[in-house]
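Bear in mind these aren't lab numbers, they're just calculated from the coordinates by the rules spelled out. No experiment lies behind these values; they were computed from the predicted model shown. Reconstructed Cβ throughout: ideal geometry from the backbone, glycine too, with neighbour counts over all protein chains shown.
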Amino acid sequence: MANVIEVENLYFEYKDGTRALCGLNLAVEEGVKAALLGPNGAGKSTLLMHLNGIHLARKGKVRVMEQEVTAKNEKWVRTVVGLVFQDPDDQVFSSTVWEDVAFGPTNMGLALSEITDRVEKALKAVRMLDYKDKPPYHLSYGQKKRVAIAGVLAMSPQVIVLDEPAAYLDPQGKMELVEILDELNRKGNTVIVATHDVDLAAEWAEQVVVIKNGRTLAQGGASLLAEESVIVEAGLCFPVVARIFQQLPELDLTHTPLTVAEAVAVIRERIK
Ligand SMILES: Nc1ncnc2c1ncn2[C@@H]1O[C@H](COP(=O)(O)OP(=O)(O)OP(=O)(O)O)[C@@H](O)[C@H]1O
Ligand SMILES: [Mg+2]
């Protein structure tokens, strides 16, 4: 399958001289669910801001659907790649929740009936329709995060990138988020999530990318999350399911289960 995102030897330095990305490489296949992991300050948010043209590559390349992202196609790239920021206060700013979610579709020049339809669907998906007339600054942080997610859903981008989407969501909200992301993925969207939550990544992701110090440390399938060298070097921890089975060497498993479903299958097999 074709790569929807390609990042090649990307460097980025902030104005104060901080080197946030130092020759980073990355490829994400079209239609996958990908998780980006790495310690605080690894460069995840900086990288994500390159995927929809907020930051433009000065050294190295970022390609979206085989087009190099440049100042000339920034507008196009924002319609293809929707980014939910790590901090909803950077994203949610209109005077009502409804207006906020309508901002993107309105800028896309859509007809009013289409905008209304999209905003309603997006707010329903994140269970925030009841709050549509409230000013976003009166919402809790987790509610603002939901509104920020709705704002991107309403634009229907092909690639949806979420920076720490589960932070501040309650357990139910986190499960609903996973359902929303899976539904989008079933419809053919590529979904990329930056997260510290190794359990979420283990349960959900088909592709895992681990970054540290502005470089890619490892990329591959979810089984990377059971690899000690990667986990230790990236300052992560093993998913809880993997931790249980690591303490049961007597089971002599060929690979470590990472998800609840895999764990249940192994246990069922053994208690037959
Ligand atoms: N506006 C900025 N100006 C200067 N340095 C910055 C700025 N934003 C981020 N940095 C620095 O760039 C590096 C990468 O930061 P980034 O926010 O991309 O990391 P991250 O992997 O998203 O971290 P976290 O897990 O904490 O969200 C860090 O060293 C950070 O201090
Ligand atoms: Mg970040």
In whole Å, how far is the Cα centre of region 224-272 from that of region 143-158? 34
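Which value results when the Cα radius of gyration for region 55-211 is divided by 2.2 N^0.38 Å?
1.04
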For the chain, the longest principal axis of the Cα atoms and the Cα long axis of helix 260-271 enclose an angle in degrees, to the nearest 10, of 20
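Relative contact order of the chain: what whole-number percent is it, with Cα pairs under 8 angstrom and at least 6 residues apart?
23
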Counting DSSP beta bridges with both partners in region 117-251, what percentage is antiparallel, nearest 5? 50
So, in nm, how far is label Glu183 from label Asn9 when the simple model puts each one 7 Å beyond its Cα toward the Cβ? 4.4
Each label point is 7 Å from the Cα along the Cα-to-Cβ direction; what then is the distance between the points at Ile54 and Leu248, in nm? 4.2
Suppose a student asked you for the relative contact order of region 164-223, using Cα pairs under 8 Å spaced at least 6 residues apart; what percent would you report? 25
Principal-axis tilt of helix 171-186 within the chain, Cα atoms, nearest 10 degrees: 80
Provide, in order from the shortest bin, the percent of all Cα-Cα pairs of the chain in each 10 Å bin, continuing until the bin that contains the maximum pair distance. 7, 28, 33, 22, 8, 2, 0
Roughly what angle does helix 112-125 make with the longest principal axis of the chain, taking Cα atoms, 0 to 90 degrees, to the nearest 10? 30
How much space per residue, in cubic angstrom, does the convex hull of the C-alpha atoms of region 148-272 take up? 137
Given a cut-off of under 8 Å on Cα pairs at least six residues apart, what relative contact order in percent is computed for region 114-193? 32
Order 45-52, 182-189 from most to least packed using the mean count of other Cβ atoms within 10 Å. 45-52, 182-189
Which percentage, to the nearest 5, of the DSSP beta bridges contained in the chain is antiparallel? 55
What length, rounded to one decimal in nm, is gained on full extension from Ile271 through to Lys121, with 0.36 nm per residue of separation minus their alpha-carbon distance? 49.5 nm
